[in-house]
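The values are calculated or read from the model by the stated rules, or taken from the named source; none is laboratory data. This one's a predicted model, so the numbers in the text were calculated from it and none came from an experiment. Cβ placement follows ideal geometry from the backbone for every residue including glycine, while neighbour counts extend to all protein chains displayed.
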Amino acid sequence: MSRAYNFSPGPATLPEPVLRQAQATMLEFGDCGASILEISHRGPDFIAVAQQAEADLRTLLSIPDDYAVVFAAGGATTVQALLPLNFAAPGQACDYVVSGHWGKTAIRQAAHCVDARTAASSEAGGFRDVPARADWQLSPDAAYVHLTANETIHGVEWRDAHLSEAVEAGNAPLVADFSSSIASEPLDIAKFGAIYAGAQKNLGPVGISVLIVRRDLLERSGQPRAPIFDYAAQARAESMLNTPPSWNWYVLGLTVKWMLDEGGVAEFARRNARKAALLYAAIDGSGGYYRNEVAPGARSRMNVPFFLHDPALDRTFLDEAKQAGLVALKGHRVLGGMRASLYNAMPEAGVQALVDFMREFQQAHG
Ligand code: PMP
């Protein structure tokens, strides 16, 4: 089988030119006489790769100069665990606004060392919307307010008016998990104290994450932690306190460069809007054969969970989709059903192929 359209939530589809370039440099990188996997992270060849990746990411996301970028080994969950250690005092209140599974994960990572409070949650409604701003219970003394910009499993995204209200919410800095929507559209980073993302959706390979943090927050003393978990020290050391995941950093850099070459986040915003509109229209226009249960104003452009009217058909749907060259559509076990992830590297032709398949499946099995 040749490469399919891969709707995986992450690790996710990568741009083919990125994979080809990574493949080409696997044996020999430049004139190093060695693979990029085999060279020192402290040598000039890798330092150039690392610095270029940061410079390109700064350009792509218009990161203001008063924000540091930390490239860290591990995933978004690791960042979730390090946020309270770095930015909150022991036992201090931290407010979490929860719109899905990953917001709850963030609380679990923090609860052992701070007073991690659920300031608002849409769980009672099955995480089918973001919690209304009017219902948030913010703590006066919170170290930060945390939200998940896009809930990858529940398909709930902070958009438009919801997002504008959220960023104006309180006095405490807003920290947001952008793991599954970073670089999907323009974003005013200056509205946030920090944003972070595991790379394995829109930024490249798993194994590395990115934290973009306003520099004054790095001056907070936080709480006792090992030096390796100190973001201020990592920022000072240009994310090289120890051996960084150099291959992942390299492929992240290739992916960021590809996004710039394709036209940057404004162009991806247009493509992503068209892709999401196409798929939601197919679901909504199916007469109930397929359904998405998320409130229209909070529907994710990146991850679209949907259900067949008859779950007994799920297995057949997945099997026939695979035969049609459409893979990784199985929903997360928390929700069941299907989920299509439409990250930047998913071409519009892939979404068109999916909606065509869905229509044919409905005709065949209606
Ligand atoms: N936050 C979000 C929004 C996610 O989608 C994920 C993973 N899918 C995580 C956090 C956890 O990321 P990781 O597996 O990289 O720790």
Subset of the range 325-354 [more than 12 Å from F7 (Cβ to Cβ) and either buried (at least 20 other Cβ atoms within 10 Å of the Cβ) or touching a strand residue (DSSP E or B) at 6+ places or on another chain (Cβ under 7 Å) (or both)] | H332, L335, G337, N344
Do you know which residues across the range 260-282 are touching a Leu at 6+ places or on another chain (Cβ under 9 Å) and more than 17 Å from R159 (Cβ to Cβ)?
-> L260, G264, L278, A282
Would you point out the residue of the range 284-324, among those that are touching a residue at least 60 places away in the same chain (Cβ under 8 Å) and among the aromatic types (F, W, Y), that is surrounded by the most Cβ atoms within 10 Å (Cβ to Cβ)?
-> Y290
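Rundown of residues vs (1) β-branched (V, I, T); (2) in the same structural domain as D284 (by TED's automatic domain parsing); (3) assigned to a helix (DSSP H, G or I), yes/no style:
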site: A312; (1), (2), (3): no, yes, yes
site: T316; (1), (2), (3): yes, yes, yes
site: K322; (1), (2), (3): no, yes, yes
site: R339; (1), (2), (3): no, yes, no
site: N344; (1), (2), (3): no, yes, no
site: A349; (1), (2), (3): no, yes, yes
site: Q352; (1), (2), (3): no, yes, yes
site: D356; (1), (2), (3): no, yes, yes
Is there any pair with a first residue in the range 149-161 that is hydrophobic (A, V, I, L, M, F, W, C) and a second that is within 12 Å of the ligand (Cβ to nearest atom) and in a strand (DSSP E or B) whose Cβ atoms are under 7 Å apart and which are 6 or more apart or on different chains, and what are they?
-> A149/E157; A149/A176; A149/D177; W158/L147
Please give the number of the condition G198 fails out of (1) farther than 19 Å from N86 by Cβ; (2) buried (at least 24 other Cβ atoms within 10 Å of the Cβ); (3) of a type in the set (G, A, S).
-> (1)
Selected residue [part of a helix (DSSP H, G or I), under 25 Å from K330 (Cβ atoms) and touching a helix residue (DSSP H, G or I) at 6+ places or on another chain (Cβ under 8 Å)] from L217, L279, L252 = L279
Elements of type helices (runs of 4 or more DSSP H) contained in the range 1-112, each with 3 or more residues being farther than 21 Å from S341 by Cβ and within 16 Å of the ligand (Cβ to nearest atom) | 76-87, 101-110
Does V175 satisfy being over 12 Å from the mean Cα position of the chain (by Cα), within 16 Å of the ligand (Cβ to nearest atom) and in contact (Cβ under 8 Å) with a residue 40 or more places away in the chain?
-> yes
Only one of I189, I195 that is free of Cβ contacts under 8 Å to residues at least 60 places away in the same chain, more than 11 Å from the ligand (Cβ to nearest atom), hydrophobic (A, V, I, L, M, F, W, C) and within 19 Å of Y67 (Cβ to Cβ) = I195
Exception for S35 within (1) of a type in the set (S, T, N, Q); (2) farther than 27 Å from Q234 by Cβ; (3) surrounded by fewer than 17 Cβ atoms within 10 Å (Cβ to Cβ) falls at (2)
Six or more apart or on different chains, Cβ under 7 Å: which pairs go from a residue in the range 348-366 that's of a type in the set (V, I, T) to one that's buried (at least 19 other Cβ atoms within 10 Å of the Cβ)? Could you list them?
-> V351/K275; V351/L279; V351/L342; V355/L279; V355/A282
Being modelled with pLDDT of 95 or more, assigned to a loop (DSSP other than H, G, I, E, B) and buried (at least 16 other Cβ atoms within 10 Å of the Cβ) narrows P224, P186, P205 down to just P205
Farther than 18 Å from M338 by Cα and surrounded by 15 or more Cβ atoms within 10 Å (Cβ to Cβ), is that true of G253?
-> yes
Does R301 satisfy the criteria of being assigned to a helix (DSSP H, G or I), closer than 19 Å to E348 by Cα and of a type in the set (K, R)?
-> no
Among the candidates F192, F178, residue that is within 24 Å of P347 (Cα to Cα), assigned by TED's automatic domain parsing to the domain that holds H101 and not small (G, A, S) | F178
Here are some residues: E165, E157, E238. Which one is touching a Lys or Arg at 6+ places or on another chain (Cβ under 6 Å) and of a type in the set (D, E)?
-> E165
